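Presented below is the structure to which this report refers.
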Amino acid sequence: MTGTAASRATAAGGLRKLRTSDPVFFTALGMLTLLILASVAGRLIPGLNDGTSSVGGRFEAPSLAHPLGTDGLGRSLLARLLEGIGTTFMLSLAAVVCTAIIATALGIIAAYAGGWAREIVMRIGDILYAFPAILLALLIAASLGPGGTAALASIVLVTVPLMTRMVGAAAAQVVQRDFVTNARISGVAAPLIMVRHVLVNVAGTVIVQATYALSVAILVEGGLSFLGYGVQLPASSLGLLASEGNVYMLTAPWILIASGSTMVIAILAVNLLGDCLRDRLEPRKAVDLT
Amino acid sequence: MRSKTKTLTGVAVVAALVLSACSGQNGDSDDAELDLPDGYAAYDDPSADSAGGTLSMQLDYDTAETGGLDPATAEIARSWTIMGLVYESLVSIGPDFEIEPELASSWEQPDETTYVFDLQPDATFSNGRPVSADDVVGSFERLLEMAALWAGQLGPIESIENTSEGDAQQVTITLERPYTPLLAALANTPAAILPMEELEAGDFDPAEEMLGSGAFSVADHRQDEYWVFEANQEWWNADSLGVDELRIEISGDDQTRLAGLRDGSSQFSNFSNPDALSLLESAQGVTAASQTQSDFFYLMFNALGDSAMADQETRQLVNAAIDREQLVDVALAGAAVPTGVTPANLPDACSAETLQSATTEVEAGALEGMALSLLVYNSDPSLVAIGQVVQQQLEAAGATVELESLDYGSYADRVYTAQPGQFDLALGWFAGYADPSMVTSWWDPDTAIFNAGFMESHDDLNAAIEEARGLEPGEERAAALQTVCELVDDYSEMVPLATRPQVVGYRSDSLGITLLSDEGYGDFLRGIVDFRMLES
């Protein structure tokens with residue numbers, strides 16, 4: 001069996017096993033699906049997408065009319081929360097896709113080229129990795145100015161170093177295997193080897209790391225928006241709602257509770273999903289600590 | 001059964017304790033409010049002893065860095081407040097916007113164009129040199145020669161002369177024609193008296209350092225981070241000062257300042273968020289007070305750009321689509337009132353309800369197809385809240401509005417620096433001052449050069465502004481100011497929305513403060529010379 005075929009078989013087998021036997025996987029997937037469906041519904045269903053000030057009074061406690069209460073401008077918190085979930089997920093997913101592309105390319109090239117190329121990529125990654133994530137994100141956001149672009153760039157720069165290192169390590173093992181050596185000796189072009197043989201064999205690692213990067217992205221977006229550097233009003237995001245809720249924690253606690261718990265659920269679901277995927281796609285890294 | 005009764009009793013006791021703890025401060029506050037003299041939102045007997053020591057406070061933002069430390073060129077209210085700790089003007093503002101002595105111990109007006117000021121005999125700069133009439137004359141001449149923005153508020157000054165006789169220091173200001181707001185204009189920090197002898201000798205650079213005759217002198221400062229002031233022992237009333245050292249930390253986050261008050265790490269904070277009053281209600285040892293401001297929020301239209309806002313009728317329609325009552329109720333927690341150009345809480349102010357924008361009904365869809373940008377700066381939470389409500393109101397009328405929340409530098413570049421401005425609509429706020437005919441000056445772009453990028457100069461409006469400034473308070477002036485308000489509403493290039501509330505919170509268990517109930521220059525520290533540190 002070739003490396004490509006072996007990898008496909010492993011990934012497919014792992015995913016098939018997930019489909020049949022892992023309640024944690026299904027719970028996490030269910031939670032994420034629910035959040036995403038809710039945010040889509042929030043944008044499409046009349047009544048849920050009504051964020052105008054005339055909806056209710058200011059800081060109304062949760063009621064039948066407003067299940068999550070209202071915010072400081074009398075807007076339905078449910079509508080704001082659903083919009084916020086969508087914004088946070090869209091931003092985080094976009095950032096993770098960028099991260100996955102950049103980190104995978106860097107990691108594979110570094111592993112395949114080896115030598116100085118690998119040292120340079122990894123050491124730059126180390127330098128970036130040495131900064132606390134939120135501090136690095138703040139530096140970028142402060143340089144670019146507050147907003148969604150700053151949040152996206154921050155997330156990418158925060159998540160790229162770790163993912164590059166993980167993909168690079170996985171790719172380094174792959175490039176030493178016989179089928180890669182054979183391809184090199186046979187004169188197959190380097191880009192083709194990196195895509196056909198290396199990328200396919202590190203795909204599992206990329207998927208697993210992307211899920212972890214997604215949880216970091218949600219957290220970084222939350223942190224930046226909470227501090228005023230991320231998503232700006234009148235848009236809504238989980239971090240922005242948490243920031244507003246923090247000010248009114250004593251008088252209107254429902255804002256912080258709703259946004260904070262949603263963020264916890266989202267991050268928990270993504271992390272659980274990542275763990276399940278790791279157990280199946282990278283079984284050697286799953287360590288039972290008990 | 002017994003166990004259940006015990007549990008219920010326990011819950012009731014805990015609930016009672018919590019409720020009593022929460023309500024304690026409110027009772028104290030209410031009692032304190034009952035004793036307040038007229039014109040004060042908070043009052044502490046200035047003759048009572050102070051324990052002295054360091055007063056720690058947190059403010060939401062610092063002076064404008066670009067303006068340096070020169071009071072003559074200070075253009076924002078926070079610069080006036082901070083610089084006002086060090087510098088003195090001839091006069092100040094007291095309760096109900098009355099003009100009070102400061103560096104001038106008294107003044108008289110022998111005719112309607114002449115003002116004679118006698119200086120405090122003991123007035124001394126913090127370097128120990130007595131303040132002279134020449135410092136006053138030199139400071140005003142410098143202000144006028146610099147063509148600083150505030151020079152436009154001093155009116156038609158013909159001459160400023162040193163008329164001292166003997167040791168008594170006296171200055172006479174002569175006007176070309178009557179100008180009612182002169183004293184209110186002299187009361188602001190840009191009209192502060194500088195040590196001209198040192199300045200002219202090159203020993204003192206007002207842009208880099210502060211040397212005044214006020215109650216405090218600067219010990220340390222890092223822009224946008226902190227200030228440390230020390231009591232100025234040379235101040236003419238130094239014995240009455242209740243604070244030895246003043247530490248001001250700049251903290252833009254409302255929650256941080258609220259937490260600082262709650263845990264006692266800060267003894268005084270300001271909030272532009274009117275909800276701060278309710279947020280501090282349950283904080284033990286903290287009292288919050290609301291100050292009525294003549295300051296007000298306004299909406300700018302880019303009449304000189306290439307958008308739909310270049311058309312006067314469209315601007316009028318957009319102006320009329322804004323429901324100011326809803327804006328006050330929703331964005332300002334009901335703690336403000338709609339206003340015309342003349343601040344609603346000043347005498348002779350025009351009636352905002354009678355203006356065309358207030359009486360015109362705008363139908364849904366009237367602004368259909370219009371795409372507008374609305375700029376706000378994100379350091380003022382009230383401005384962002386108003387922006388969201390305005391956005392929703394205009395969208396209800398059919399427009400598509402993109403609300404851009406920017407840092408102040410980016411905002412100022414697009415609104416004030418760019419010629420023409422790079423925006424359709426923008427929100428800001430003005431100090432309303434102590435005389436209703438002062439702020440009207442900013443509707444003349446020849447005087448308010450910062451507006452030249454988005455509004456035109458109109459002869460009829462300028463003439464109406466000028467006429468009102470020459471009239472004594474009363475019916476005639478009220479009528480003239482009503483004309484100004486109507487013209488401003490008609491041109492709809494810069495329209496007032498609502499007054500701007502201000503809340504201060506302080507640790508009433510360790511600090512007694514004096515706060516005027518009405519303020520016109522955003523100066524919530526005007527009464528700091530009467531602050532008193534309490535024994536812990």
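The values are calculated or read from the model by the stated rules, or taken from the named source; none is laboratory data. As the structure is a prediction and not an experimental result, all values here were calculated from the model. Please note: Cβ atoms are built from the backbone with ideal geometry, for glycine as well, and neighbour counts cover all protein chains shown. We work out accessible area using only protein heavy atoms, side chains counted, and drop any ligands, DNA or RNA first. Shrake-Rupley method; radii C 1.70, N 1.55, O 1.52, S 1.80 Å.
Of all residues in the range B:395-433, those satisfying the criterion of being closer than 13 Å to B:LEU383 by Cβ and not in a helix (DSSP H, G or I) are B:LEU403, B:GLU404, B:SER405, B:LEU406, B:ASP407, B:LEU425, B:ALA426, B:LEU427, B:GLY428, B:TRP429, B:PHE430. In this structure, does B:GLU368 turn out to be surrounded by fewer than 17 Cβ atoms within 10 Å (Cβ to Cβ) and among the charged types (D, E, K, R)? So B:GLU368 passes the test.
When B:THR417 is tested against (1) over 20 Å from B:GLY67 (Cβ atoms); (2) out of contact with any Leu (no Cβ under 6 Å at 6 or more places or on another chain); (3) touching a residue at least 24 places away in the same chain (Cβ under 8 Å), exactly one condition is not met: (1). For the range B:341-362, the criterion of being within 30 Å of B:LEU471 (Cβ to Cβ), among the hydroxyl-bearing types (Ser, Thr, Tyr) and touching a Cys at 6+ places or on another chain (Cβ under 7 Å) is met by at least one residue.
Considering only residues in the range B:407-429 that are under 17 Å from B:ALA385 (Cβ atoms) and touching a Lys or Arg at 6+ places or on another chain (Cβ under 9 Å), the one that is modelled with the highest pLDDT turns out to be B:ALA426.
Within the range A:41-63, the set of residues being modelled with pLDDT under 90, surrounded by fewer than 21 Cβ atoms within 10 Å (Cβ to Cβ) and more than 14 Å from chain B (Cβ to nearest Cβ) comprises A:ALA41, A:ARG43, A:LEU44, A:ILE45, A:PRO46, A:GLY47, A:LEU48. Of all the residues in the range B:149-195, those that are part of a loop (DSSP other than H, G, I, E, B) and either open to solvent by 50 Å² or more (accessible area, probe 1.4 Å) or of a type outside the set (A, V, I, L, M) (or both) number 15.
Yes/no per residue for (1) under 30 Å from B:SER278 (Cβ atoms); (2) among the charged types (D, E, K, R); (3) under 22 Å from the mean Cα position of the chain (by Cα):
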| position | (1), (2), (3) |
| --- | --- |
| A:ASP71 | yes, yes, no |
| A:VAL96 | no, no, yes |
| A:ALA113 | no, no, no |
| A:GLU119 | no, yes, no |
| A:ALA133 | no, no, yes |
| A:ARG165 | no, yes, yes |
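The condition of being away from chain A (no Cβ under 14 Å), over 30 Å from B:PRO436 (Cα atoms), open to solvent by less than 70 Å² (accessible area, probe 1.4 Å) and in contact with a helix residue (DSSP H, G or I) (Cβ under 7 Å, 6 or more places away or on another chain) holds for B:SER266. Would you check if there is a residue in the range B:489-501 being in contact with a helix residue (DSSP H, G or I) (Cβ under 8 Å, 6 or more places away or on another chain) and more than 30 Å from B:LEU304 (Cα to Cα)? The answer is yes, given that some residue of the range B:489-501 is in contact with a helix residue (DSSP H, G or I) (Cβ under 8 Å, 6 or more places away or on another chain) and more than 30 Å from B:LEU304 (Cα to Cα).
Inside the range A:213-246, residues that are at pLDDT below 90 and part of a helix (DSSP H, G or I) make up a count of 0.
Each row is one residue, and each column tells you yes or no for (1) open to solvent by 50 Å² or more (accessible area, probe 1.4 Å); (2) outside any helix (DSSP H, G or I); (3) within 14 Å of another protein chain (Cβ to nearest Cβ).
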| site | (1), (2), (3) |
| --- | --- |
| A:LEU135 | yes, no, no |
| A:LEU139 | yes, no, no |
| A:PRO146 | no, yes, yes |
| A:ILE155 | no, no, no |
| A:VAL158 | no, no, no |
| A:THR164 | no, no, no |
| A:GLN173 | yes, no, no |
| A:PHE179 | no, no, no |
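Assess whether B:GLU198 counts as being surrounded by fewer than 16 Cβ atoms within 10 Å (Cβ to Cβ) and at pLDDT 95 or above. Here the answer is no, as B:GLU198 does not meet what is asked. Report whether or not A:GLY223 is in contact with a Gly (Cβ under 7 Å, 6 or more places away or on another chain), within 14 Å of chain B (Cβ to nearest Cβ), open to solvent by 10 Å² or more (accessible area, probe 1.4 Å) and not charged (D, E, K, R). Here the answer is yes, as A:GLY223 does meet what is asked. Given the condition within 14 Å of chain A (Cβ to nearest Cβ) and either in contact (Cβ under 8 Å) with a residue 12 or more places away in the chain or under 22 Å from B:SER272 (Cα atoms) (or both), answer yes or no: does some residue in the range B:435-458 qualify? No, every residue in the range B:435-458 fails to be within 14 Å of chain A (Cβ to nearest Cβ) and either in contact (Cβ under 8 Å) with a residue 12 or more places away in the chain or under 22 Å from B:SER272 (Cα atoms) (or both).
Which residues, taken from the range B:103-113, are in a loop (DSSP other than H, G, I, E, B) and open to solvent by 50 Å² or more (accessible area, probe 1.4 Å)? If the condition is that a residue be in a loop (DSSP other than H, G, I, E, B) and open to solvent by 50 Å² or more (accessible area, probe 1.4 Å), then B:GLU112 is the only one that fits. Among the conditions (1) within 14 Å of chain A (Cβ to nearest Cβ); (2) open to solvent by less than 20 Å² (accessible area, probe 1.4 Å); (3) more than 27 Å from A:LEU240 (Cα to Cα), B:SER251 misses just one, which is (3). For the range A:243-267, taking the residues that are open to solvent by less than 20 Å² (accessible area, probe 1.4 Å) and away from chain B (no Cβ under 11 Å), the one that is nearest to the chain's Cα centre (by Cα) is identified as A:ALA266. Taking the criterion of being surrounded by fewer than 19 Cβ atoms within 10 Å (Cβ to Cβ), among the small types (Gly, Ala, Ser) and not in a loop (DSSP other than H, G, I, E, B), the only residue of the range B:40-83 that qualifies is B:GLY67.
So that you can scan it fast, the table gives a plain yes or no per residue for (1) within 14 Å of chain A (Cβ to nearest Cβ); (2) in a loop (DSSP other than H, G, I, E, B):
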| site | (1), (2) |
| --- | --- |
| B:LEU246 | no, no |
| B:ASN270 | no, no |
| B:PRO274 | yes, yes |
| B:THR287 | no, no |
| B:LEU299 | no, no |
| B:ASP306 | no, yes |
| B:ASP329 | yes, no |
| B:PRO343 | no, yes |
| B:CYS350 | no, yes |
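Which condition from (1) within 11 Å of chain A (Cβ to nearest Cβ); (2) within 21 Å of B:ASP329 (Cα to Cα); (3) surrounded by 18 or more Cβ atoms within 10 Å (Cβ to Cβ) is the one that B:PHE430 breaks? Only one criterion in (1) within 11 Å of chain A (Cβ to nearest Cβ); (2) within 21 Å of B:ASP329 (Cα to Cα); (3) surrounded by 18 or more Cβ atoms within 10 Å (Cβ to Cβ) is unmet by B:PHE430, namely (1).
Looking at B:ARG262, B:ARG257, just one residue is without any contact (Cβ under 8 Å) to a residue 60 or more places away in the chain, closer than 29 Å to B:SER282 by Cα and either among the basic types (Lys, Arg) or out of contact with any strand residue (DSSP E or B) (no Cβ under 9 Å at 6 or more places or on another chain) (or both), and that residue is B:ARG262. What number of residues within the range B:308-322 satisfy the criterion of being crowded, with 21+ Cβ neighbours inside 10 Å and not in a helix (DSSP H, G or I)? Summing the residues that are crowded, with 21+ Cβ neighbours inside 10 Å and not in a helix (DSSP H, G or I) in the range B:308-322 gives 2.
Is at least one residue of the range B:459-468 assigned to a loop (DSSP other than H, G, I, E, B) and either of a type outside the set (A, V, I, L, M) or within 23 Å of the chain's Cα centre (by Cα) (or both)? No.
Here is a yes/no grid of residues against (1) within 9 Å of chain A (Cβ to nearest Cβ); (2) of a type in the set (Asp, Glu); (3) open to solvent by 10 Å² or more (accessible area, probe 1.4 Å):
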{"site": "B:PRO381", "(1), (2), (3)": "yes, no, yes"}
{"site": "B:ILE386", "(1), (2), (3)": "no, no, no"}
{"site": "B:GLN391", "(1), (2), (3)": "yes, no, yes"}
{"site": "B:ALA397", "(1), (2), (3)": "no, no, no"}
{"site": "B:GLU402", "(1), (2), (3)": "no, yes, yes"}
{"site": "B:ASP407", "(1), (2), (3)": "yes, yes, yes"}
{"site": "B:SER410", "(1), (2), (3)": "yes, no, yes"}
{"site": "B:VAL415", "(1), (2), (3)": "no, no, no"}
{"site": "B:ALA418", "(1), (2), (3)": "no, no, yes"}
